[in-house]
Amino acid sequence: MTKPSPVTLDGQSLSIADVVAVARHNVPVALDPQALKAVQQSRRAVEAAIERGETMYGVNTGFGKLAHVRIPAEQGRQLQLNLIRSHASGVGEPLPQDAVRAMMLLRANVLMRGTSGVRPVLPELLIEMLNRGLHPRVPSQGSVGASGERDWHS
């Protein structure tokens, strides 16, 4: 039996069939090298803006109503840690594995667009986890499985 060709993420061409193949049939995933370069360039742009002292929402400001509050550089790591902690709660039955795999794939695909300013290691890690069959437990209710924003019904 031949091994299926990997689904290659470039941030632009992922299809529903690709999502189903990865989520339900464990088809391997690869990252497009050109798109990965765009991710790195986006990260460099964010770092350069920070070095120039620019204000960047959620990077060196608070969130929501605190968006106008500038966070001192020495508190930047704590800001990011607090953001993760504020979203790291949930309740309910865990989502099915195929749903978690689909979410991981979709998140990696969006990051591969090169518009988020993340380090390339983030989409690389998500894909490595998918390819190794490693899946977090994602509760069915709460912010843990959110797409990056607070739940609409909170």
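The values are calculated or read from the model by the stated rules, or taken from the named source; none is laboratory data. Keep in mind that this is a model prediction, so the values were computed, not measured. Cβ atoms come from the backbone with ideal geometry, glycine included; neighbour counts cover every protein chain shown. Surface areas here come from the heavy atoms of the whole protein model, side chains and all, with no ligands, DNA or RNA. Shrake-Rupley method; radii C 1.70, N 1.55, O 1.52, S 1.80 Å.
Summary of values
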| read-out | value |
| --- | --- |
| Cα point-scatterer Debye curve for region 12-51, base-10 log of I(q)/I(0) at q = 0.23 Å⁻¹ | -0.77 |
| Max mean-square fluctuation residue, GNM over the chain, Cα-Cα springs under 10 Å, options 33, 120, 72 | 72 |
| Residue-normalised accessible area of the chain, given per residue in Å² at a 1.4 Å probe | 66 |
| Ranked order, 77, 119 - accessible area, probe 1.4 Å, largest first | 77, 119 |
| Most mobile of 95, 66, 36 in a GNM of the chain (Cα contacts under 10 Å) | 66 |
| Values of log10 I(q)/I(0), in the order q = 0.19, 0.23, 0.30 Å⁻¹, for region 83-142 under a Debye, Cα-only, solvent-free model | -0.79, -1.05, -1.18 |
| Dipole in debye (nearest 20) - the chain, about Cα centre, beta carbon charges: Lys, Arg +1; Asp, Glu -1 | 160 |
| Region 1-48, accessible surface, carbon-and-sulfur percent (1.4 angstrom probe) | 54 |
| Karplus (6.51, -1.76, 1.60) ³J(HN,Hα), θ = phi - 60°, over region 30-41, in Hz, Gly and Pro reported as x | 10, 10, 5, x, 5, 5, 5, 5, 5, 4, 5, 5 |
| R0 of 30 Å, Cβ-Cβ distance residue 52-residue 78: FRET efficiency to nearest 0.05 | 0.85 |
| Region 91-103 - phi-based ³J(HN,Hα) in whole Hz, Karplus 6.51/-1.76/1.60, Gly and Pro as x | 9, x, 4, x, 5, x, 4, 5, 5, 5, 4, 5, 4 |
| Relative contact order of region 12-112, defined on C-alpha pairs under 8 angstrom at six or more residues apart (%) | 41 |
| Solvent exposure, largest accessible area first (probe 1.4 Å, DNA, RNA and ligands not counted), of 20, 100 | 20, 100 |
| Per residue, the convex hull volume that the Cα atoms of region 48-107 enclose (Å³) | 115 |
